[in-house]
Amino acid sequence: MKAIKGVKQLAKFGFNLAASQYGEHNRATREAKLWVLMYHRILPKSDPRFALEEPGMVVTPEVLAMHLREAKKLFEMVSLSDWLAKVDSGQSLPAKACAITFDDGWLDNYQYALPILQQQKVPATLFAVADKIGTPFRFWPNIVSELIALKSVALNKHPLLAEAAQLIERPYSVERVAHCIARLKAHTEDELFAALDAIGWSGELASTAPALMDWRQLTALLHSGLIEIGSHTCTHRRLNNGLEASLVEYEITTSKTKLDQQLNTNIALFCFPNGDYNADVLQRVRQTYQAAVTTQRGINRLASLQRHELLRIALHNDASDTPTKFRARLAGWW
């Protein structure tokens, strides 16, 4: 078993090394291309929040800083809206451009990402959940993760949470929790929060510190001159089949109105929660925003640009904590 694991690790290292050296980011190109990098949480490993987060959701401040340094060697760093404005006006574009994005509006983005962006003078877009800014709101995966870590027997009180309840009998593992959370996504946010409310989740948690930024902090990001704000809906509902038309309208249109008014700006960009959408949702987003980002992995090419379905590359610590791994993620080998 150890030998097989060693062979797999060696093969992965070889692939990463080749991809880092020969991927599209290292090739000369005549066609303008845009890499959009997707981040969620920025947390030091010493922060208790790091240990409870899904592996695919977090990078450390040190790794983020390294990513930006490496990206600046490969690309022209651009604001997403500025790059799109040049497309619209027919201006010349850099052959290889890179835009940074952050999803959700986590407080740690203000605490740890903003100083790094300012130090390195790199623009970014942050997609905020309009109704949850400045509230005690927590995303359901984080609630489930913390309840499992605390070995809360309250998870046994609702059948929807039965799989999570089984995990409290085992040593905490972020990988097992992540798999559990992935399967729970078969249910809607409303169903999941109803189950958590039924077991009294808030009384079980060790901490009720805010997870997301407040309006003052979000405004500070906007006034930094480096960060633009986009909409990530009002409540972070997944915009997939079965969602009522009134809720689709609320999540897409009302979120823009609220952010416009609170931030005194024009919100032009949108981000699909969990990357979920259908044809009707896409059409409504096209009518409301100048562009939108997905969670679909890839490089955006000017000749085939889908501005309301922009591709992104997700970054997280395990898969990108060295320059070689980071460059391999950018290669376009998929």
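The values are calculated or read from the model by the stated rules, or taken from the named source; none is laboratory data. Note that the structure is a prediction, hence the values are computed from the model and not measured. So basically every Cβ, Gly included, is an ideal-geometry build from the backbone, and we count neighbours across all protein chains shown. Heavy atoms of the whole protein, side chains included, go into the accessibility calculation; ligands, DNA and RNA do not. Shrake-Rupley method; radii C 1.70, N 1.55, O 1.52, S 1.80 Å.
What pairs in 45/73; 72/258; 157/256 have C-alpha atoms more than 28 Å from each other? Display every interim value, and only then the final one.
Details: 45/73 26 Å; 72/258 34 Å; 157/256 38 Å.
Too far apart for the 28 Å limit: 72/258; 157/256.
Can you give the helix-only mean residue ellipticity at 222 nm for the chain, where every DSSP H stretch with n ≥ 4 adds -39500 (n - 2.57) and the sum goes over all residues, rounded to the nearest 500 deg cm²/dmol?
On the way: 15 runs with 138 residues, N = 334.
When only DSSP H runs of four or more count, the value is -12000 deg cm²/dmol.
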### Summary
Summing +1 per Lys or Arg and -1 per Asp or Glu among the other residues with Cβ less than 10 Å from residue 239's Cβ gives 0
### Query
Projected onto the charge dipole of the chain (+1 at Lys/Arg Cβ, -1 at Asp/Glu Cβ, origin at the Cα centre), which of 186, 36, 245 gives the Cα projection farthest towards the positive end?
36
### Message
What whole-number distance in Å separates the alpha-carbon centres of the range 120-149 and the range 151-190?
### Response
20 Å
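Decide, for the range 67-136, between rounded, prolate and oblate: order the square roots of the alpha carbon gyration tensor eigenvalues as a ≥ b ≥ c, take rounded if a/c falls under 1.5, and otherwise choose prolate if a/b is larger than b/c, else oblate.
On the way: a/c = 3.44, a/b = 1.53, b/c = 2.25.
Taking the square roots of the gyration eigenvalues as a ≥ b ≥ c, the range 67-136 is oblate.
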### Task
Provide the net charge surrounding residue 205, with neighbours chosen by a C-beta distance below 11 Å and charges set as Lys +1, Arg +1, Asp -1, Glu -1.
-1
## Note on the structure
Taking placed amide H atoms and a strict 5 Å upper bound, the residues 5 or more places from residue 233 or on another chain that come that close are 130, 271
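Ranked highest first by the average count of other Cβ atoms within 10 Å around their residues, in what order do 268-277, 186-195 fall?
Ranking, from highest mean packing down: 268-277, 186-195.
Hey, what did the chain get for relative contact order, percent, Cα under 8 Å, at least 6 apart? The partial results should precede the final answer.
Values: 572 pairs, mean separation 86.5, N = 334.
Relative CO of the chain lands at 26 percent.
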### Message
So if I restrict to the alpha-carbon atoms in the chain, what is the Rg, and what is Dmax, the biggest pairwise distance, in Å?
### Response
20.2, 60
#### Entry: Accessible area (Å², per residue) of the chain, counting only protein heavy atoms and a probe of 1.4 Å
46 Å²
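Quick one: with all protein chains in place, what share of the accessible area of the range 1-155 is carbon or sulfur, to the nearest percent (1.4 Å probe)?
Numbers: 3960 of 6830 Å².
Of the solvent-accessible surface of the range 1-155, carbon and sulfur hold 58 percent.
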### Query
If the cut-off is a Cα-Cα distance under 16 Å, which aspartates and glutamates reach residue 96, setting aside same-chain residues fewer than 8 apart in sequence?
24, 31, 70, 76, 82
### Query
Does the range 212-327 come out rounded, prolate or oblate by the C-alpha gyration tensor, with a ≥ b ≥ c the root eigenvalues, rounded set by a/c under 1.5 and, if not, prolate when a/b is larger than b/c and oblate if not?
oblate
### Task
Give the shape of the range 1-157 as rounded, prolate or oblate, defined through the alpha-carbon gyration tensor: a ≥ b ≥ c are the square roots of its eigenvalues, a/c under 1.5 means rounded, and otherwise the shape is prolate if a/b is larger than b/c and oblate if not.
oblate
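Roll a 1.4 angstrom probe over the protein heavy atoms and tell me the percent of accessible area of the range 156-208 that is carbon or sulfur. Before the final figure, lay out the partial values.
Numbers: 1570 of 3060 Å².
Result for the range 156-208: 51 percent of the exposed heavy-atom area is carbon or sulfur.
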